[in-house]
Amino acid sequence: MGSFRPEGEEVGCDVTRVFLGDVEARHAGARVELLGILDPGDEVLVGIRGRAGDVGPVGEPEEELRAPPLGARDAGDGVAGAAAVALDGHLAQLGVTVGDLGLTLGAGAPRGEGEQHEEHGRCPPGDEPYAGHLGGLLGSHLRVENARVKTSLTPERLPRAVLSRLAEANRVFAAAFPGEPERRQPVHTLYGGAHLFEAQSAVRAGEIALEAMRLHAPDPVTFARALGLAGSETLADAADAAGAAGALAAAPRGSAGWLAATVHARVLGKLTREPVEDYRIDFEDGYGMRPDAEEDAHAVHAAEQVAAAENEGIRSPFVGLRIKPLTEEMRIRSVRTLDLFVTTLVTRLGGKLPRGLVITLPKVTVPEQPEALAAVLAALEGALGLADGSLRFEMMVETTASVIGPDGKVALPGLVAAAGGRCTGAHLGTYDYTTSNSIAPAHQHLGHPSCEFARQVMKVSLAGTEVLISDGSTIVMPLGPHRAPEGGALSEAQRAENRAAVHRGWRLSYGHVHHALVDGIYQGWDLHPAQLPARYGAVYAFFLEGIEAAGGRLRAFLQRATEATLLGDVFDDVATGQALLNYFLRAVACGAITEEEAEALSGLRAEELQMRQFARILQGRRSKA
């Protein structure tokens, strides 16, 4: 399948081998990656080899290089079109130019449309769906060997209209599903009533969580058993907290003792350093219905306190407010609260917004609600002189109508589209959702099958988009039933009952968080600061338990960056490389591991981790090879 010219050029639409001087590009039958041709069924490798004739060898016979993606138009048949650029680049890396080989790219005589070798099919012109053939691009000094069988599709037989629609559909899909966002995603959102919010709220939450750890998990063994960490039942009871931490810290890496000590120490460090990653000031369920004047005052006060926290450097990395729903009864009040909060905040910060500002829209039922909020935010940007698109929001998935619409179709993509690019997240509202699904109160929890269904719909329908998914909350609070009387103390039995209640709450939260992480949902709600130890304990254990294996796979992949990697019985490809990279990025961002540990375990340098894209890392390494 191809054409042959007397000058020595052999061109086929499905290129299997290209010779240019001492450079050979060939299909390897695995996956196209060298030239960035989007066909998982093919792969192009570049080998440096000597050739007989007037040019001597320019490289070692077994040296192989990879080029970064060049975005060829066509899949398996676009090889040659991209090869003209890619091979020239590889020669430049070797200190050889096309001119040194007596070649002029693009100077060859083009093959006529009707030329056809008797043993091969006809190759369509460069502007046909099989675009990218080498004839006329590399001149008569290029030889292409084709080992494939004859084809039957001539240009006249190709369904051009359908293929054109396919190309457009592929472009639209790629734009709509660009892949996992590069921005940081907090591991949780802590909600608190707007009437209680102060600049110190995040700091105070950390203090409450640390006090819970001091009272109910003073040592690694107690904390590990409370959460149910792997192997915690094999750990010996500690005589004292300090002694337990010291002994376990020396345990072999990966052991139950090491995991217990590491999780305990890093949770304490997190609660001291950055106790809250995302704080949501709640004007909805956690606030209730109040007189307009009172809500006005709270909206202004909350914004002033966010600005104060920003100026004092004690604000959580992400912060925002949850407004009331845009139902007919609430929409006017909701928009007014939003206006007061944003206007006051921008004014107090000298005309700018704080980084990580998030607005939450609850109880979404129809596309007109996110559409209306997007329009209101655009109007606010104009009135306050903010950049277009700087105000964005997340939607609550807490009604059945936000999962499956009245037409029987999945509703989320339409709701996100109605937001006009401003929707950044979709958060499951456990209890409102189960209520809308007629679940009895005693069974309204994250483990209910209806919540599992909603989570999977959210994941599947929004995967690969810019919208990040968050799980809901555990409603059982890890709080003891007894409070010490003023000036008095709890009895030993009361303290034991309190600890048992806290441990039950932590264990339940741990299970919910771990389940979400296994499902690929990396964020969830917390309703009380006492839940934070379980949140971070679950997140840290999840990453630490898998970090060694992930590091081994990632290092092996990097060492063989020009091929797919087979490590044990796990097969890795480029997509897996990105997933492994994301695993490390999330682990570093939340504090499960340090950047130094990430470098040592992954084989990546600090600057490579900061790239956040596996393809760019490979491209950088190949360019230096």
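The values are calculated or read from the model by the stated rules, or taken from the named source; none is laboratory data. This structure is a prediction, so every number in the text was calculated from the model and none was measured. Here the Cβ positions follow ideal geometry from the backbone for every residue, glycine too, while neighbour counts run over all protein chains shown. The area values use the complete protein model at the heavy-atom level, side chains included, leaving out ligands, DNA and RNA. Shrake-Rupley method; radii C 1.70, N 1.55, O 1.52, S 1.80 Å.
Just a few scattered comments:
For every residue, the table says whether it meets (1) free of Cβ contacts under 8 Å to residues at least 24 places away in the same chain; (2) part of a helix (DSSP H, G or I); (3) among the aromatic types (F, W, Y).
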residue	(1), (2), (3)
G206	no, yes, no
D237	yes, no, no
G254	no, no, no
A260	no, yes, no
V263	no, yes, no
I281	no, no, no
G286	no, no, no
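- Single condition D569 does not satisfy, out of (1) modelled with pLDDT of 85 or more; (2) over 25 Å from W258 (Cβ atoms); (3) surrounded by fewer than 18 Cβ atoms within 10 Å (Cβ to Cβ): (1)
- Criterion applied to A307, A205 was being out of contact with any Asp or Glu (no Cβ under 7 Å at 6 or more places or on another chain), at pLDDT 95 or above and under 26 Å from T347 (Cα atoms), and the one residue passing it is A307.
- Residue within segment 485-500 that is under 26 Å from the mean Cα position of the chain (by Cα) and part of a loop (DSSP other than H, G, I, E, B) present: no
- Segment 312-330 - residue that is of a type in the set (D, E, K, R) and without any contact (Cβ under 8 Å) to a residue 12 or more places away in the chain and, of those, least open to solvent (accessible area, probe 1.4 Å): E328
- Qualifying residue in segment 314-331 (condition: touching an Asp or Glu at 6+ places or on another chain (Cβ under 7 Å) and of a type in the set (G, A, S)): yes
- Restricting attention to segment 355-380, the residues that are open to solvent by 10 Å² or more (accessible area, probe 1.4 Å) and part of a loop (DSSP other than H, G, I, E, B) add up to 6.
- Whichever residue in segment 164-209 is within 16 Å of P529 (Cα to Cα) and among the aromatic types (F, W, Y) and, among such residues, is surrounded by the most Cβ atoms within 10 Å (Cβ to Cβ): F197
Conditions (1) out of contact with any Leu (no Cβ under 6 Å at 6 or more places or on another chain); (2) at pLDDT 95 or above; (3) closer than 27 Å to Y279 by Cα, marked per residue:
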| residue | (1), (2), (3) |
| --- | --- |
| A411 | yes, yes, no |
| H427 | yes, yes, yes |
| Y431 | yes, no, yes |
| H443 | yes, no, no |
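- Matching residues in segment 381-431 - criterion: being among the acidic types (D, E) and not in a helix (DSSP H, G or I): D388, E394, E398, D407
- L527 being closer than 20 Å to R184 by Cα, surrounded by fewer than 23 Cβ atoms within 10 Å (Cβ to Cβ), of a type outside the set (K, R) and touching a Phe, Trp or Tyr at 6+ places or on another chain (Cβ under 7 Å): no
Quick grid of which residues meet (1) at pLDDT below 75; (2) not hydroxyl-bearing (S, T, Y):
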| residue | (1), (2) |
| --- | --- |
| R214 | no, yes |
| A224 | no, yes |
| L229 | no, yes |
| T234 | no, no |
| A241 | yes, yes |
| A245 | yes, yes |
| L248 | no, yes |
| A251 | no, yes |
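- Subset of segment 208-227 (residues that are outside any helix (DSSP H, G or I) and within 20 Å of R483 (Cα to Cα)): A217, P218
- A309 vs. criteria surrounded by fewer than 23 Cβ atoms within 10 Å (Cβ to Cβ) and either part of a helix (DSSP H, G or I) or not acidic (D, E) (or both): yes
- For T360, the test of being at pLDDT 95 or above and of a type outside the set (G, A, S) is passed.
- Among residues of segment 577-597 that are surrounded by fewer than 17 Cβ atoms within 10 Å (Cβ to Cβ), those with a Cβ under 6 angstrom from a residue that is in a helix (DSSP H, G or I), sequence gap 6+ or separate chain, pair up as E595/V588.
- Taking every residue in segment 378-403 that is closer than 12 Å to V346 by Cα and pairing it with any residue that is polar (S, T, N, Q) and part of a loop (DSSP other than H, G, I, E, B), at least 6 positions away or on another chain, the pairs with Cβ-Cβ distances below 7 Å are E381/S390.
- Subset of segment 382-396 that is within 28 Å of the chain's Cα centre (by Cα) and surrounded by fewer than 18 Cβ atoms within 10 Å (Cβ to Cβ) - its residue that is farthest from C423 (Cα to Cα): A387
- Within segment 447-466, the set of residues being under 15 Å from the mean Cα position of the chain (by Cα) and open to solvent by 60 Å² or more (accessible area, probe 1.4 Å) comprises V460, E466.
Okay, residues lined up against (1) within 29 Å of the chain's Cα centre (by Cα); (2) open to solvent by 20 Å² or more (accessible area, probe 1.4 Å):
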position: H264; (1), (2): yes, no
position: G269; (1), (2): yes, yes
position: T272; (1), (2): yes, yes
position: D278; (1), (2): yes, no
position: D282; (1), (2): yes, no
position: G288; (1), (2): no, yes
position: P291; (1), (2): no, yes
position: D296; (1), (2): no, yes
